[in-house]
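Engineer: Please find one structure pasted underneath; my questions will follow.
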There are 2 protein chains.
Amino acid sequence: MNYSAPLSDMKFLLKNVFHADNVWPNFPYVNENLDIDIAFTILDEASKFSSDVIFPLNRNADEQGVTFSFGNVKTPDGFTECYQSFSEAGWGGLCGNPDFEGTGMPKMLGVLVDEMNYSASNAFTLYSSLTAGAALCIDSHASENLKKTYLPKLYSGEWSAAMAMTEAHAGSDLNNIRTKAVQVSDDQYKITGTKIFITAGDHDLTSNIIHLVLAKVQNDSRISLFLVPKFLEDNNFNHVSASSIEHKMGLNGSATCVMNYDESLGHLIGEQGKGLSCMFTMMNYERLAIGIQGLANSEAAYQLAVNYAKDRIQGTEPKLKLPCNIIDHGDVRRMLLTIRALTEAGRALSVYTGMQLDLAKYGGDSQQKIANFSQLLTPVTKSFFTDRGLECAVMAQQVFGGHGYIRESGIEQIVRDTRIAQIYEGTNGIQAIDFLSRKVVLDKQVVLQQFVEDINFNLANFKFVNQKKCDLVKANFQKLINFASTINHKVNPSLLNSCAVNYLDAFGYNIYGYFWLLMVEKSHQSKHHLFESKQYLCDFFFDQLMPNVGLHLNRLKSCDDSIMAMPKEIF
Amino acid sequence: MNYSAPLSDMKFLLKNVFHADNVWPNFPYVNENLDIDIAFTILDEASKFSSDVIFPLNRNADEQGVTFSFGNVKTPDGFTECYQSFSEAGWGGLCGNPDFEGTGMPKMLGVLVDEMNYSASNAFTLYSSLTAGAALCIDSHASENLKKTYLPKLYSGEWSAAMAMTEAHAGSDLNNIRTKAVQVSDDQYKITGTKIFITAGDHDLTSNIIHLVLAKVQNDSRISLFLVPKFLEDNNFNHVSASSIEHKMGLNGSATCVMNYDESLGHLIGEQGKGLSCMFTMMNYERLAIGIQGLANSEAAYQLAVNYAKDRIQGTEPKLKLPCNIIDHGDVRRMLLTIRALTEAGRALSVYTGMQLDLAKYGGDSQQKIANFSQLLTPVTKSFFTDRGLECAVMAQQVFGGHGYIRESGIEQIVRDTRIAQIYEGTNGIQAIDFLSRKVVLDKQVVLQQFVEDINFNLANFKFVNQKKCDLVKANFQKLINFASTINHKVNPSLLNSCAVNYLDAFGYNIYGYFWLLMVEKSHQSKHHLFESKQYLCDFFFDQLMPNVGLHLNRLKSCDDSIMAMPKEIF
């Protein structure tokens, strides 16, 4: 059992597909030393760290889990040392703001490092991912003072962070939160309340834990955001404590805490009453990160399954009638190809989305347009990567036969660990509604249309790919635009909610189709050694997985009527 | 958290859909006292037993698991007492042969009782299911002496049974088994070897455990079947021992053992060298049983999810703009309706398959034709029920949001427990190959054609259903027949294996479509109180799930080329 980062594919994407070396010199905020060779060296180092340092802890973390006694949360063996090594190697501040001691690397590189770390261990990587997301939120919305105090220590890994939103009665709908904030000085508040499902809320990895907490200021029904450290600047305990941890289906090495804030001192981040929108900076960061978690699990599952399939002898090869490895069986290939076709397209979308986030930072004419693209894609990456992530993990487990159900195989842990990614940071249903409602229909399809126009422009210039495939992608996007334009929320208020998931899935498969064509085009153009595999996988994708777009478009025709008709009593 | 058997639906199927009261009087082997009222009473009693006695043990069984120490396998708290109550109430011999003290109830009733028990606890019910399957095999192939010795005690629950086939290097392909049998007297052999993944191989529920073991007689490369008891008739230990148990993703209350047979005395069952075909009597029984496990998990998952959805307040109802239960959200309804539409159609197919098994026993003109139908349907029930079972469990878990990932919710246990059903008793890939290869193509589609003709005859006589829907079902079946007729295994030996799963899935969704029409027709015809819900669910199924048939048919067009093209080195 092992994990080995797919470095060839990652480098191909950066260099040959998205031409990072042409793009980066135009990014003033990016570390000025960065070029493609340095990027490749960073990927090589990240690959070693994920395989040699993080991955070996992952199985034990599942078996041992996080423990809770006398108010103390203890992470599995090796996590504390690993977090220290991770921090010392500088991974914590990789994409952080250089003004506050971050390394200033672009997100399109960061997503690949994230993928490796999640492939090596979902549970371990959550701790650093939440820290990076909180730092981004602080960097975007907090005062200079807070930035100076908190960002360097979050980037260095001396401190870590958590995101505290959910309460027992307020999950998908945060309007009902009850955590209270009482102002005690100019920018200080006392925060009191209980939050549930707080990942990394308490643990033994770092000397301090910085909580970003949603609460309501007294006599204000709106939601505000507060920075609440576990320990204050004078090292006094700030009454931020875990009262219990959850026992879960998986992700056992990740501390999921019930957190109590008992008149804990906090600083307002952003304007009072604008907490949700500030928190969404972190939330959107984490949504992409969780999407990458799904993708990373697909990759890790593929590696386990393909190695098993090449090794396991069972049955006879149909042509030669000789004993064969199970990879010779069509049905096993079907599963492996499905996983790989979904994972490589997902990786392309992941790097593309990272690049949009980078471009949105770079002040240029198209900055707003690009920022809109990244917002359009965030719910897609989160839900499509993670839904496919579970499917791929389950398929990979199936390749193992009975051995896949046994814990020591490692593959069943991936299934259990990845399952949560479809749920947290907003369920995938919520993502789909966000996508169709806020990002498409309320926008009158403007951003979607721009996005599709850019794609159509590229498709029209492709030289090495089948034109029929290009036309199909184009036609499907047009159908999606047309469908959205028929939605009238006032006339039919339940329509959005009932067809959102099928809408997002149709979009997801179709955009994967586009990225397959893009990868084939670029691999031929650059005569890259991956061109052969990209061509096979692209053909497989269009034959076997593009028909899913048709399925989901088909369902859209009727979903509202068939879903809303049955009276509640009959359920 | 609770389970309540879907008695209305079950009774509707027996009485109004499949007219059991007209059918049973023609079955000479069936208990002569049976009529529909007695059947309903049996269902009522089974419902109480599953909810009140079995279900309460299920959560603890997952947490506590089976333990193994000093060679002894201990089942979770309460299992031994529960098994005794189960046996005393007569459930163990429900469908057993009355000539050997079985109760002689028909399988079409038995499948419903099985469903209830699996819904209440997968782990507990496996013990009795394996016992019933082994008894069927003994009844079908063993000598009168063996039947007299073993059947009454297996039916009564005093003894239990296990099926010992798999070895470390022989799973899907049993030809490579190494367990040896040496003849010591006329019908006695000494069996030596090691078997893995033996469910209920050892435990503390019964005073003896009867193993049906596949082995090879010295100097004979063919496989034979042996009855090997843990304790001999003189109560001496027969050297049948567990050397370890597996730690699994779920099903923790079920003992999955590595079994050693050390010159253990065994009796040949059936002819020497015909072991696989004898074992298939048990195997086919268990395949249907495992299918029912998948179905039962869908039902149990639905019940948990629908109760949560009716109770959980979150978000606002789109028309009234008031806080609402999540069942008012279209996306939650989509998931609940999908589960229910799949589960109720599956239950209809389950009872239908049970009826075919009953009819195949009843000597009549169409006996062979009917037996063929049940063989055609066995791989479909096993794999389609269990694939949909995982999907439904995962969807139900999604309804719970974050709470669904927490162990105490109970829903994540269903996901873990049901996952194995896609793997054991022959992976679902193996089922699909069996279906398309042996049951359809090698048969030159004769049985499939007969089966479809019977369905078409019924469709033509339906009065209360939409004719367009009938035509769609008919047309899809014709496409499946046509596709199979183009398969030439000699010309293209990899085709079968690479398209089998899509072929079976297309068949599965289409046959569910037929059963929805049948249920609507029968509910209208009999003015049954379920007619309204059946109509809504049928409409939902045709709008939202029948398009899957098109998806899978679409994939069939290209699957061989796109799956076999890529060279092995590129994987």
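Computed from the coordinates by the stated procedures, all read-outs in this text should not be read as laboratory data. No experiment lies behind these values; they were computed from the predicted model shown. For neighbour counting, all protein chains shown are included, and Cβ atoms are generated from backbone atoms with ideal geometry for every residue, glycine included.
Engineer: Go through the residues of the stretch A:458-474 one by one and say whether even a single one is more than 10 Å from chain B (Cβ to nearest Cβ), within 20 Å of A:Phe385 (Cβ to Cβ) and either touching a residue at least 40 places away in the same chain (Cβ under 8 Å) or of a type in the set (D, E, K, R) (or both).
Structural biologist: yes
Engineer: Going by the conditions given, is A:Lys479 surrounded by fewer than 21 Cβ atoms within 10 Å (Cβ to Cβ) and outside any helix (DSSP H, G or I)? Show your work before the answer.
Structural biologist: On the way: surrounded by fewer than 21 Cβ atoms within 10 Å (Cβ to Cβ): yes; outside any helix (DSSP H, G or I): no.
No: the conditions fail for A:Lys479.
Engineer: Identify, please: which residue in the stretch A:528-548 is touching a residue at least 40 places away in the same chain (Cβ under 8 Å) and at the interface with chain B (Cβ under 7 Å from one of its Cβ atoms) and is, among those, farthest from B:Ile563 (Cα to Cα)?
Structural biologist: A:Asn548
Engineer: Is it the case that the stretch B:198-206 has a residue that's surrounded by fewer than 23 Cβ atoms within 10 Å (Cβ to Cβ), in contact with a helix residue (DSSP H, G or I) (Cβ under 8 Å, 6 or more places away or on another chain) and not in a loop (DSSP other than H, G, I, E, B)?
Structural biologist: no
Engineer: Quick one: count up the residues across the stretch B:535-549 that are assigned to a helix (DSSP H, G or I) and surrounded by fewer than 24 Cβ atoms within 10 Å (Cβ to Cβ).
Structural biologist: Residues of the stretch B:535-549 that are assigned to a helix (DSSP H, G or I), as a first pass: B:535-545, B:547-549.
With the extra rule that they be surrounded by fewer than 24 Cβ atoms within 10 Å (Cβ to Cβ), the set shrinks to B:535-536, B:539, B:542-545, B:547-548.
Residues in the stretch B:535-549 being assigned to a helix (DSSP H, G or I) and surrounded by fewer than 24 Cβ atoms within 10 Å (Cβ to Cβ): 9 in total.
Engineer: Say we look at the stretch A:166-179 and pick out the residues that are closer than 17 Å to A:Gln272 by Cβ and buried (at least 17 other Cβ atoms within 10 Å of the Cβ); which of these is nearest to the chain's Cα centre (by Cα)?
Structural biologist: A:Ile177
Engineer: Now for a different question. Here are some residues: B:Val380, B:Val351, B:Val415, B:Val447. Which one is at the interface with another protein chain (Cβ under 10 Å from one of its Cβ atoms) and in a helix (DSSP H, G or I)?
Structural biologist: B:Val415
Engineer: Kindly list the number of the only condition in (1) farther than 20 Å from B:Lys195 by Cβ; (2) within 14 Å of chain A (Cβ to nearest Cβ) that fails for B:Val258.
Structural biologist: The one condition B:Val258 does not meet is (1).
Engineer: Looking only at the stretch B:233-258, count how many residues are part of a loop (DSSP other than H, G, I, E, B) and either out of contact with any helix residue (DSSP H, G or I) (no Cβ under 9 Å at 6 or more places or on another chain) or closer than 25 Å to B:Lys153 by Cα (or both).
Structural biologist: Looking only at that region, the number is 9.
Engineer: Quick check on this structure: which one of A:Leu551, A:Leu504 is at the interface with another protein chain (Cβ under 10 Å from one of its Cβ atoms) and either of a type in the set (Val, Ile, Thr) or under 25 Å from A:Thr381 (Cβ atoms) (or both)?
Structural biologist: Every option except A:Leu551 fails the conditions.
Engineer: Now for a different question. When the residues of the stretch A:554-571 are filtered to those that are at the interface with chain B (Cβ under 7 Å from one of its Cβ atoms) and free of Cβ contacts under 8 Å to residues at least 24 places away in the same chain, which remaining residue is nearest to A:Tyr512 (Cα to Cα)?
Structural biologist: Checking each candidate, the answer is A:Asn554.
Engineer: Could you say which residue among B:Val306, B:Val332 is surrounded by fewer than 22 Cβ atoms within 10 Å (Cβ to Cβ), more than 19 Å from the chain's Cα centre (by Cα), more than 19 Å from B:Gly133 (Cβ to Cβ) and within 13 Å of chain A (Cβ to nearest Cβ)?
Structural biologist: B:Val306
Engineer: Tell me, which residue of the stretch A:207-229 that is surrounded by fewer than 24 Cβ atoms within 10 Å (Cβ to Cβ), polar (S, T, N, Q) and on the phi < 0 side of the Ramachandran plot is nearest to the chain's Cα centre (by Cα)?
Structural biologist: It comes out as A:Asn208.
Engineer: So which helices (runs of 4 or more DSSP H) are wholly in the stretch A:59-153 and hold at least 1 residues that are farther than 28 Å from A:Gln356 by Cβ? Write out each step before concluding.
Structural biologist: Working: elements: A:79-88, A:107-120, A:122-141.
Per the criteria, A:79-88, A:122-141.
Engineer: OK, next. With respect to the numbered conditions (1) buried (at least 24 other Cβ atoms within 10 Å of the Cβ); (2) under 21 Å from A:Ile198 (Cβ atoms), which one is the sole condition not fulfilled by A:Ala301?
Structural biologist: Unmet condition: (2).
Engineer: Continuing with this model, one more query. For the stretch A:1-49, which residues satisfy the criterion of being within 30 Å of A:Ala396 (Cβ to Cβ) and among the charged types (D, E, K, R)?
Structural biologist: A:Asp9, A:Lys11, A:Lys15, A:Asp44, A:Glu45, A:Lys48
Engineer: B:Glu344 - would you say it is under 17 Å from B:Ile292 (Cα atoms) and touching an Asp or Glu at 6+ places or on another chain (Cβ under 9 Å)?
Structural biologist: Spelling it out, B:Glu344 is indeed under 17 Å from B:Ile292 (Cα atoms) and touching an Asp or Glu at 6+ places or on another chain (Cβ under 9 Å).
Engineer: I'd like the full set of residues that are of a type in the set (Gly, Ala, Ser), surrounded by 17 or more Cβ atoms within 10 Å (Cβ to Cβ) and either within 14 Å of chain A (Cβ to nearest Cβ) or in contact with a His (Cβ under 8 Å, 6 or more places away or on another chain) (or both), limited to the stretch B:230-255.
Structural biologist: First, pick out the residues of the stretch B:230-255 that are of a type in the set (Gly, Ala, Ser): B:241-244, B:250, B:253-255.
With surrounded by 17 or more Cβ atoms within 10 Å (Cβ to Cβ) added as a condition, the list becomes B:241-242, B:250, B:253-255.
Across the stretch B:230-255, the qualifying residues are B:Gly250, B:Ser254, B:Ala255.
Engineer: If you don't mind, there's one more thing I want to ask. Pick from A:Gln183, A:Gln188: which is touching a residue at least 40 places away in the same chain (Cβ under 8 Å), surrounded by fewer than 24 Cβ atoms within 10 Å (Cβ to Cβ) and closer than 18 Å to A:Asn238 by Cβ?
Structural biologist: A:Gln188
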